[in-house]
1. Can you find a residue in the range 67-79 that is free of Cβ contacts under 8 Å to residues at least 24 places away in the same chain, of a type in the set (Lys, Arg) and either in contact with a Pro (Cβ under 7 Å, 6 or more places away or on another chain) or part of a strand (DSSP E or B) (or both)?
2. Quick check on this structure: which one of His147, His153 is at pLDDT 95 or above, under 15 Å from the mean Cα position of the chain (by Cα) and surrounded by fewer than 18 Cβ atoms within 10 Å (Cβ to Cβ)?
3. Please state which of the following conditions Asn1 fails to meet, knowing it meets all the rest: (1) touching a Pro at 6+ places or on another chain (Cβ under 9 Å); (2) surrounded by fewer than 19 Cβ atoms within 10 Å (Cβ to Cβ); (3) under 20 Å from Phe121 (Cβ atoms).
4. Taking Phe40 as meeting all but one of (1) crowded, with 17+ Cβ neighbours inside 10 Å; (2) more than 23 Å from Gly107 (Cβ to Cβ), write down the number of the exception.
5. May I ask you to list pairs of residues, at least six apart or on different chains, whose Cβ atoms are under 9 Å apart, with the first in the range 12-25 being open to solvent by less than 10 Å² (accessible area, probe 1.4 Å) and the second being among the charged types (D, E, K, R)?
6. Can Asn35 be described as farther than 21 Å from Thr162 by Cβ, surrounded by fewer than 20 Cβ atoms within 10 Å (Cβ to Cβ) and modelled with pLDDT of 95 or more?
7. Assess whether His91 counts as being free of Cβ contacts under 8 Å to residues at least 60 places away in the same chain, surrounded by fewer than 20 Cβ atoms within 10 Å (Cβ to Cβ) and part of a strand (DSSP E or B).
Amino acid sequence: NGTRSVFVDRAGDLWVGNFPRGVNYHNSASAVFTNYSHEFGRDYSLSHSAVLSFLQDQDGEYWVGTEEGLNRFNMREGTFQHYLKDTANPHALQADAILSLVEDAHGEIWGGTWSGGAFRFNKRTGRFRHYKTTDEPGSIGSNYIWHLMLDKHKRLWLSTETNGINLYAAATDTF
C-alpha cells in the first residue's frame, strides 16, 4: 500500500491516490473522508484502484489517472466515466497506466503514460491524439512519461524515463 499522488483542488479539498486502494477524498467543509475504488461489476466505479494522477480542469471537472485508464469523475453522482485502452481504435486511449495529467491553454487534457508515450485528449470530440517514440525527427524522446507540466509561458514540458525532458512545439505538433 502506498500513496502515489496527492492533489488539492480549488475548494481546498484533498485527494489522495493510493496504490492499490483507490482515491481517498477529504471534504474540508465537512471533514469527512470518502473512498472511491474499483468495484467489480459496478460500471461507474473507478476503472482501477491503483491511482496514479489527478487533475481538476478549467471547467471544474475531475480527472483520475489509474493503472487501467483515464477516469472523468462526476462529483454530484459519485460516478466515473472510463476511457480505456483500445488499440483497435486509433482515436482511443492506447496505454493503461496514466502517470501524469495536465490541461493546456486550449482546454485539452494531456497525459503521460507508462510505455504508451503521451496523449492529448479533446473533451469536446472524445478523441485522443498520441505521441510515441519513432525514428522521425520531432517525435517524443521516450514512451515512458513520468511528469507533464506547463511553464509560465504555457509551454508543455515532459520528463521521461530514458531520454531527459522534452518540450512540445505546438506550431509543428512535435517535440
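The values are calculated or read from the model by the stated rules, or taken from the named source; none is laboratory data. From a predicted model like this one, the values you see are computed outputs, not experimental measurements. Positions of Cβ are generated from backbone atoms using ideal geometry, with glycine treated the same way; all protein chains shown enter the neighbour counts. The area values use the complete protein model at the heavy-atom level, side chains included, leaving out ligands, DNA and RNA. Shrake-Rupley method; radii C 1.70, N 1.55, O 1.52, S 1.80 Å.
1. Yes: the range 67-79 contains one or more residues that are free of Cβ contacts under 8 Å to residues at least 24 places away in the same chain, of a type in the set (Lys, Arg) and either in contact with a Pro (Cβ under 7 Å, 6 or more places away or on another chain) or part of a strand (DSSP E or B) (or both).
2. His147
3. Unmet condition: (3).
4. (1)
5. Trp15/Asp9; Gly17/Arg4
6. For Asn35, the condition - farther than 21 Å from Thr162 by Cβ, surrounded by fewer than 20 Cβ atoms within 10 Å (Cβ to Cβ) and modelled with pLDDT of 95 or more - is met.
7. The answer is no for His91.
Let's see how each residue does on (1) within 14 Å of the chain's Cα centre (by Cα); (2) surrounded by 22 or more Cβ atoms within 10 Å (Cβ to Cβ); (3) over 27 Å from Asp151 (Cα atoms):
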position	(1), (2), (3)
Val8	no, no, no
Gln56	yes, no, no
Gly60	no, no, no
Leu70	yes, yes, no
Ala95	yes, yes, no
Glu103	yes, no, no
